[in-house]
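Here the structure comes first, spelled out in structure tokens, and everything after it is commentary.
The values are calculated or read from the model by the stated rules, or taken from the named source; none is laboratory data. Values in this document were obtained by computation on a predicted structure and should not be read as measured data. We place every Cβ from the backbone using ideal geometry, glycine too, and count neighbours over all the protein chains shown.
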Amino acid sequence: MISIENVSKSFPTKGAGTFTALDGVSMQIRDREFFTLLGPSGCGKTTLLRIIAGFELPSSGTVRIEGADSSYLPPQRRPVNTVFQSYALFPHMTVAENVAFGLQMQKVARLEREARVSEALRLVRLESLASRLPRQLSGGQQQRVALARALAPRPKVLLLDEPLSALDLKLRKEMQSELKRLQRETGITFILVTHDQEEALAMSDHIAVMSAGRVLQTGEPREIYDNPKSRFVADFIGESNVLPGAMVGRSSDILVAVRPERIALSAPTNGFPGRIRGTVTSVTYLGLDTLYEIVLENGDRLRSRCRQSVAGLDAGQAVVLDWPSDAERHLAN
């Protein structure tokens, strides 16, 4: 559906300098998939989304949509629509009128317009609220209206710029499920921008992890989580313990990443054959899990996340720990 080919984008700064927001980004986004651009603030993900939408033009490189070079097409000539962080609903219009607005701008005939508004409101489950004004809606309902308005023109691609960031945790979880359902039901290619790694893992078919204007790794959620290729990806996607190591029989040093949930631990008196010793520095109850922070005998620190509390382990006590060899991932620094 979308091909990003060596796209770069620079912005002028005060004086004669420039700021490089994107640096040679390339990726392929397939038709009918949920694709996420994931990274911290300032990594370039929103700039890339705006270039796909046509709100920004690339400094170099090519954007192809359905095989056609769309790099310099204006937004209205691209088969895409965007849902922004702010819902930007017209306060004086009803829900139905807000959803119909884009169709009116496209001069869609009245009967067709009414049918599409009804279809879009059905998709977001707001048929019964069609006559309400935005101020009469909750934050989650306003978000659904913004989605319906973006879906009504039947775009080939829907761009989502951190659309759930203003919602509370419970509502955000509900809307994650709703977005995934909408993507499956409509068959539209969704491209989400987020800094929330849990959100990305929960909804995406593929994820591109970005940092400092570059794509560091692209893959399915499980692949990204289980096989990070760099320290940044290991640290940014979930929690990871990164420890120094060395390859047996070689002189080169390496970094070894181990997820906290793969580390088993016990008090030394329990007969657990741990190969590493340390001291518990803190114990944090997290509901489903208990998080143990440990300092090893060599001074390294790591975390172990256990589904149940380990009897007899409190802060200040000695501990033995181990993990299977298949839990280790060797990283580029």
For the condition in the same structural domain as residue 130 (by TED's automatic domain parsing), under 15 Å from residue 190 (Cα atoms) and of a type in the set (Ser, Thr, Tyr), what is the one hit in 46, 62, 18? 46
Examine the stretch 127-135 for a residue that is of a type outside the set (A, V, I, L, M, F, W, C) and under 15 Å from the mean Cα position of the chain (by Cα), and state whether such a residue exists. no
Go through the stretch 289-331 and give me each residue that's among the β-branched types (Val, Ile, Thr) and either closer than 19 Å to residue 235 by Cα or out of contact with any helix residue (DSSP H, G or I) (no Cβ under 6 Å at 6 or more places or on another chain) (or both). 290, 294, 295, 310, 319
Tell me the residue from 207, 224 that is surrounded by 19 or more Cβ atoms within 10 Å (Cβ to Cβ), among the aliphatic types (A, V, I, L, M), under 27 Å from the mean Cα position of the chain (by Cα) and not in a strand (DSSP E or B), please. 224
Just to verify a result, which residue in the stretch 11-58, among those that are in a strand (DSSP E or B) and touching a Leu at 6+ places or on another chain (Cβ under 8 Å), is surrounded by the most Cβ atoms within 10 Å (Cβ to Cβ)? 37
Check off (1) touching a helix residue (DSSP H, G or I) at 6+ places or on another chain (Cβ under 9 Å); (2) at pLDDT 90 or above; (3) within 27 Å of residue 31 (Cβ to Cβ); (4) in a helix (DSSP H, G or I) for residue 71 and give me the number that stays unchecked. (4)
Just the residues that are basic (Lys, Arg), surrounded by 18 or more Cβ atoms within 10 Å (Cβ to Cβ) and closer than 27 Å to residue 2 by Cβ, please, taken from the stretch 66-125. 78, 116
Can you report the number of residues in the stretch 275-333 which are within 14 Å of residue 242 (Cβ to Cβ) and not aromatic (Phe, Trp, Tyr)? 12
Residue 175 fails exactly one of (1) within 23 Å of residue 32 (Cα to Cα); (2) at pLDDT 90 or above, namely (2)
Any pair with Cβ under 7 angstrom, 6 or more apart, that starts in the stretch 161-190 at a residue that is in the same structural domain as residue 120 (by TED's automatic domain parsing) and within 17 Å of residue 151 (Cα to Cα) and ends at one that is exposed (fewer than 15 other Cβ atoms within 10 Å of the Cβ) and basic (Lys, Arg): 187/32; 189/32
Could you check residue 46 against (1) within 20 Å of residue 218 (Cα to Cα); (2) out of contact with any strand residue (DSSP E or B) (no Cβ under 6 Å at 6 or more places or on another chain); (3) not hydrophobic (A, V, I, L, M, F, W, C) and say which number it fails? (2)
Test each condition in (1) of a type outside the set (Asp, Glu); (2) within 26 Å of residue 321 (Cα to Cα); (3) touching a residue at least 12 places away in the same chain (Cβ under 8 Å) for residue 222 and report the one that comes out false. (3)
So which of 178, 162 is at positive phi and surrounded by 17 or more Cβ atoms within 10 Å (Cβ to Cβ)? 162
Selection within the stretch 184-194 - in contact with a Phe, Trp or Tyr (Cβ under 9 Å, 6 or more places away or on another chain) and either farther than 27 Å from residue 154 by Cα or surrounded by fewer than 21 Cβ atoms within 10 Å (Cβ to Cβ) (or both): 184
Could you list, in sequence order, all residues of the stretch 85-141 that are of a type in the set (A, V, I, L, M, F, W, C) and outside any helix (DSSP H, G or I)? 88, 89, 90, 93, 108, 109, 124, 126, 130, 133, 137
